[in-house]
2 protein chains.
Amino acid sequence: MGRLNINNINPHVRAAEYAVRGELAVKSEELRARLSKGDTSLPFDKVVSANIGNPQQLDQKPITFFRQVLSLLEYPNLLEKEDVLINGLGYKTDVIERAKWLLKQCGSVGAYSASSGVYAIKESIAKFLEKRDGFSADPDHIYLSAGASSGVNTLLHILAESDKSGVLVPIPQYPLYTATLSVLDATCVPYYLDESKAWATDLATIRGAYDKAKADGVDVRAIVVINPGNPTGASLSEEDVRSVIDFASKEKLVIMADEVYQTNVFIGKFHSFKGVLRKLQQENPGKYDDVELASLHSISKGMVGECGHRGGYFELVGFDAEVEAAIYKFVSIMLCAPVIAQCLVELMVNPPQPGEPSFELYDKEYNAVANGLRERANALHKAFEQMEGVECGEPQGAMYLFPSITLSQKAIEAAKSENRTPDEFYCMRLLEATGVCVIPGSGFGQKEGTLHFRTTFLAPGTEWVDRITKFHKEFMDKYR
Amino acid sequence: MGRLNINNINPHVRAAEYAVRGELAVKSEELRARLSKGDTSLPFDKVVSANIGNPQQLDQKPITFFRQVLSLLEYPNLLEKEDVLINGLGYKTDVIERAKWLLKQCGSVGAYSASSGVYAIKESIAKFLEKRDGFSADPDHIYLSAGASSGVNTLLHILAESDKSGVLVPIPQYPLYTATLSVLDATCVPYYLDESKAWATDLATIRGAYDKAKADGVDVRAIVVINPGNPTGASLSEEDVRSVIDFASKEKLVIMADEVYQTNVFIGKFHSFKGVLRKLQQENPGKYDDVELASLHSISKGMVGECGHRGGYFELVGFDAEVEAAIYKFVSIMLCAPVIAQCLVELMVNPPQPGEPSFELYDKEYNAVANGLRERANALHKAFEQMEGVECGEPQGAMYLFPSITLSQKAIEAAKSENRTPDEFYCMRLLEATGVCVIPGSGFGQKEGTLHFRTTFLAPGTEWVDRITKFHKEFMDKYR
């Protein structure tokens with residue numbers, strides 16, 4: 001064949017797009033490196049990575065209880081000096097007890113666990129789900145994963161029977177879905193979310209996308225729902241969740257519920273697909289028994305924000321036993337999720353309870369993060385509301401705002417001359433002028449003729465928001 | 001389509017086989033669970049997992065320096081109490097310095113790093129490679145991964161242009177390669193290792209396999225070499241490494257050098273592909289400049305044994321820039337390797353040096369693990385030498401012995417009646433009688449008409465070896 005080149009590698013990898021860490025992100029890292037080498041020629045002194053939900057890179061502090069337990073798991077010899085831990089370092093007794101319990105369950109965090117995870121942690125997840133939803137959960141159908149991304153990768157691998165296998169994916173979406181479907185050479189069946197209804201799911205739109213795909217010969221197998229939404233932040237009503245389940249049941253689609261932002265909800269409350277499914281089953285005996293649901297969660301987001309540890313899990317409901325065996329085999333090939341991250345999943349689903357020694361601090365830290373996120377979301381939203389040509393719904397959830405922008409014909413022409421989409425052009429100019437990295441809506445998908453960008457609201461302070469406001473005014477003036 | 005079932009999922013996932021965590025491993029976990037629930041009906045009181053190289057599940061202790069640093073990375077507030085760390089807990093100053101340095105490089109271990117890893121850690125790896133090989137290495141071509149498995153997965157994804165894309169894989173091999181090629185629907189081109197020459201590579205055999213595949217229309221793209229070998233333990237001579245590089249150069253094949261056992265060498269010394277390639281390039285100016293080499297390493301094996309943390313890296317030499325960009329994009333989709341595992345890579349490649357406070361203990365612990373492995377390998381080998389119908393070469397490297405077994409016609413018939421291969425049958429009876437889990441040779445591939453099994457020599461003591469000896473005698477007597 002000759003040497004490897006871009007034209008003879010796997011064409012499906014070549015075709016995959018992943019804007020969250022694409023050109024803008026790479027450029028932002030270059031700028032950061034220039035600044036750290038003392039380059040003073042740039043019009044800003046700090047790069048703000050608002051392109052990715054990476055809480056601890058910005059201001060979010062890890063939860064003390066979690067990290068104290070992890071320190072003991074990494075160096076268990078510390079447990080031989082309880083007096084120093086307690087009197088010298090301020091560790092509470094529940095930290096020590098939890099670490100001992102976890103070490104008993106996993107042996108060493110340096111050893112492989114079972115392929116689907118440490119069994120006792122799966123039991124803790126099941127208890128958490130029971131408490132959250134009011135319905136039982138079975139640890140035998142729970143799989144620990146290296147972040148939710150790895151779980152999505154597993155599930156899409158199983159579903160992709162051929163290039164005709166299709167998966168309904170919300171647009172805009174987190175590009176993990178389109179990128180993985182591209183790598184698998186399966187078919188992405190996009191369905192648009194309704195910006196006019198705060199980015200809710202619209203059943204008629206889903207049905208339309210499904211019917212069109214079927215008519216085109218696509219074997220539609222599954223529907224992805226991201227709730228709360230990424231990049232939209234939308235938090236679905238129980239009614240919307242019910243209607244998706246009902247549709248999936250009728251059409252025999254696997255539901256992939258990406259619920260990694262389940263604790264990042266500002267408006268209304270989170271309705272888990274598992275909980276709503278069980279309610280539907282209770283209300284309609286027999287009717288929804290064959291629904292296949294995979295729900296994903298993660299330690300990366302929420303008030304935990306431990307994405308660098310790469311931990312998560314998925315729960316399967318209603319899957320065929322042989323299919324589950326194939327899933328088990330598939331995850332076995334990569335051996336197991338990082339064990340220390342599995343332990344963080346345990347801590348997330350089973351945090352200190354009222355009355356326990358670490359509860360007060362845990363509660364304070366947790367609420368401080370939650371309130372901080374809400375305040376930053378509102379401040380950013382307020383700034384967007386005052387910008388010319390920018391429209392942005394109220395912050396609902398997740399870690400993102402996804403405003404629409406209206407650009408002039410002159411700006412659109414300027415973008416074209418650079419071979420960029422107008423939103424890419426805008427985001428590139430923003431980065432160059434302010435050091436703030438956001439991702440154009442085209443990286444997530446958007447209705448033709450509309451333009452957006454996604455920004456996290458994780459960065460502290462308002463100075464960076466002021467930079468955006470100033471840039472935007474100058475940009476609009478320049479291309480008027 | 002109807003609900004998911006084993007016949008309508010991804011046929012390439014269905015076809016993949018991964019014996020290391022297959023039926024025997026699952027059964028061994030069931031037996032372990034029965035024992036821990038107090039079941040006394042089994043003829044043994046402990047399950048020995050010799051099926052997988054999982055050092056810390058057995059006796060191997062983590063290196064103190066490594067874990068002390070990790071404890072500080074997980075809970076950096078400890079660094080505010082240096083006196084307690086030093087006087088109360090016995091931490092040395094180099095532990096504290098290293099933790100501070102790593103925290104400066106990665107911010108928080110709870111934050112995503114760059115997709116290819118923390119840059120300063122890539123620089124440390126480059127320095128380690130320079131020291132190991134005597135030739136320079138470039139951090140820009142080093143990629144941190146979640147264990148070497150994830151690196152192999154990335155590289156095979158890139159190579160697999162179509163179902164005609166072929167990869168030369170040694171037989172016997174670690175089944176990660178065949179399983180991943182199966183999932184990718186690419187072609188495995190097996191080449192047999194020479195058991196009569198201590199499982200060395202044989203160029204004529206490789207050439208034969210290559211020619212046959214070409215004649216069959218396979219587009220052979222790469223050759224995998226596992227050195228030291230898994231499951232064979234074979235440690236290749238420099239001559240063997242040279243001949244593989246020369247062959248790959250002539251045929252324009254990417255070399256995938258799986259070198260995760262590079263410090264587990266008992267006989268001779270380890271010859272890295274990178275080092276030998278650079279020597280060849282020096283000796284033959286211009287001739288080997290276009291060789292494409294990917295070398296993989298891991299924190300999972302060696303005297304580190306931290307497989308549960310899922311850390312590793314690969315270095316690329318001679319790859320096209322656009323191909324590297326595609327690799328970067330591919331790894332970006334899963335965001336980054338676990339950051340705490342990246343930090344363990346740093347500690348592995350840059351351990352305490354003579355004269356530094358932690359060196360003495362590090363050196364002692366490292367050598368204790370190395371000597372323990374050698375002793376256990378020799379004890380197990382000695383036992384195999386005395387068993388009827390078992391042949392096993394001297395332990396050379398890695399963590400495995402791979403003896404051949406000769407079974408009677410009666411045993412072969414008994415296996416057939418259970419729909420098992422004879423080696424599967426033998427291993428299943430061994431597990432049921434002794435609680436010792438080993439993997440049949442058919443899980444790794446073996447020449448037709450030969451039978452083997454792979455066992456790790458990680459388990460401490462000799463009691464479990466005696467169990468195998470006793471079982472073997474009874475098995476041979478029963479099926480005489």
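Taken together, the values in this text are just the output of simple stated rules run on the coordinates, not laboratory data. Being a predicted model, the structure only gives us computed values, none of them experimental. Don't worry about glycine lacking a Cβ; one is built from the backbone with ideal geometry, like all the others, and counts go over all protein chains shown.
Backbone geometry of the range B:465-472 corresponds, through the Karplus equation with coefficients 6.51, -1.76 and 1.60 at θ = phi - 60°, to 3J(HN,Hα) couplings of 5, 4, 4, 5, 4, 5, 4, 4 Hz, x marking Gly and Pro. Put the Cα centre of the range B:291-306 next to the Cα centre of the range B:59-106 and the gap is 25 Å.
Let me know the charge dipole size of chain B about its Cα centre in debye, to the nearest 20, where only the beta-carbon of Lys, Arg (+1) and Asp, Glu (-1) is charged.
Using only the charged Cβ atoms, the result is roughly 880 debye.
Given A:Cys188, A:Thr154, A:Leu280, which one lies farthest toward the positive end of the charge dipole of the range A:144-280, if we put +1 on the Cβ of every Lys and Arg and -1 on the Cβ of every Asp and Glu? Checking the options against the dipole of the range A:144-280, the answer is A:Leu280.
The protection proxy used here, the mean number of other Cβ atoms lying within 10 Å of each residue, ranks peptides B:318-328, A:276-286 as follows, highest first: B:318-328, A:276-286.
In terms of overall dimensions, the C-alpha atoms belonging to the range A:112-349 reach 46, 39, 37 Å along their principal axes, ordered largest to smallest. Which of the listed residues, A:Leu72, B:Ile226, B:Val465, is farthest toward the dipole's positive end in the protein assembly as shown, when Lys, Arg count +1 and Asp, Glu count -1 at the beta-carbon? Farthest towards the positive pole: A:Leu72. The H on the amide N of B:His452, modeled in the peptide plane, is under 5 Å from the matching H of B:Ile405, B:Gly441, B:Ser442, each at least 5 residues off or on a different chain. Over all other residues within a Cβ to Cβ distance under 9 Å of B:Asn51, the charged ones net out to +2, with Lys and Arg as +1 and Asp and Glu as -1.
Classify the protein assembly as shown: rounded, prolate or oblate, from the alpha-carbon gyration tensor (a ≥ b ≥ c, eigenvalue square roots; a/c under 1.5 rounded; otherwise prolate if a/b is larger than b/c)? Rounded shape, in that the Cα axes give a/c under 1.5. Summing Cβ point charges (Lys, Arg +1; Asp, Glu -1) relative to the Cα centre of the range B:112-349 gives a dipole of roughly 380 debye. Estimated from the Cβ-Cβ distance and a Förster radius of 56 angstrom, the FRET efficiency linking B:Glu130 and A:Glu238 is about 0.40.
If you plug the beta carbon distance of B:Ala33 and B:Asp138 into 1/(1 + (r/R0)^6) with R0 = 60 Å, you get a FRET efficiency near 0.80. Treating each Cα of the range B:301-457 as one equal point scatterer and applying the Debye formula with no solvent, the log10 of I(q)/I(0) at q = 0.14, 0.16 Å⁻¹ comes out as -0.93, -1.01. For B:Asn230, the residues whose modelled amide H falls within less than 5 Å of its own, excluding neighbours fewer than 5 places apart on the same chain, are B:Tyr174.
Plainly put, the tip 7 Å out from Cα toward Cβ on A:Glu239 is 8.1 nm from that tip on each other copy, the closest given first. For the range A:190-300, the gyration tensor built on C-alpha atoms gives an oblate shape. Its axis ratio a/c (a ≥ b ≥ c) is at least 1.5, and a/b is not larger than b/c.
Between copies, the label points at B:Ala215 (set 7 angstrom from Cα along Cα-to-Cβ) are spaced 5.3 nm, reported in nanometres from shortest to longest. Answer rounded, prolate or oblate for the range B:284-356, using the Cα gyration tensor with square roots of eigenvalues a ≥ b ≥ c: rounded when a/c is under 1.5, else prolate when a/b is larger than b/c, else oblate. Oblate. Which aspartates and glutamates have a Cα lying under 12 Å from the Cα of A:Lys416, excluding residues fewer than 8 positions away in the same chain? Once the sequence-local aspartates and glutamates are set aside, what remains near A:Lys416 is A:Glu424. Other residues lying with their Cβ under 12 Å from the Cβ of A:Leu78 contribute a combined charge of -2, Lys and Arg counting +1, Asp and Glu -1.
Inter-copy label distances at A:Ser196, shortest first and taken from points set 7 Å along Cα to Cβ: 8.0 nm. Taking a straight Cα-Cα cut-off under 23 Å and skipping sequence neighbours fewer than 8 places away in the same chain, the lysines within cross-link reach of A:Lys329 are A:Lys122, B:Lys27, B:Lys301. Taking the charge dipole of chain A about its Cα centre, with +1 at Lys and Arg Cβ atoms and -1 at Asp and Glu Cβ atoms, the residue from A:Val323, A:Asn5, A:Leu373 reaching farthest to the positive side is A:Asn5. Take the Cα of A:Glu394, step 7 Å toward its Cβ, do the same at B:Glu394, and the gap between the two points is 7.9 nm.
Grab the other residues whose beta carbon is less than 15 angstrom from that of B:Ser243, score K and R as +1, D and E as -1, and report the net.
Working: positive: B:Lys197, B:Arg207, B:Arg242, B:Lys250, B:Lys279, B:Lys287; negative: B:Asp194, B:Asp202, B:Glu238, B:Glu239, B:Asp240, B:Asp246, B:Glu251, B:Glu283.
Summing Lys and Arg as +1 and Asp and Glu as -1 gives -2.
Backbone amide hydrogens, once placed in the peptide plane, bring A:Val220 within less than 5 Å of A:Gly166, excluding anything fewer than 5 places away on its chain.
Placing +1 on each Lys and Arg Cβ and -1 on each Asp and Glu Cβ, with no other charges, gives the protein assembly as shown a dipole about its Cα centre of roughly 200 debye.
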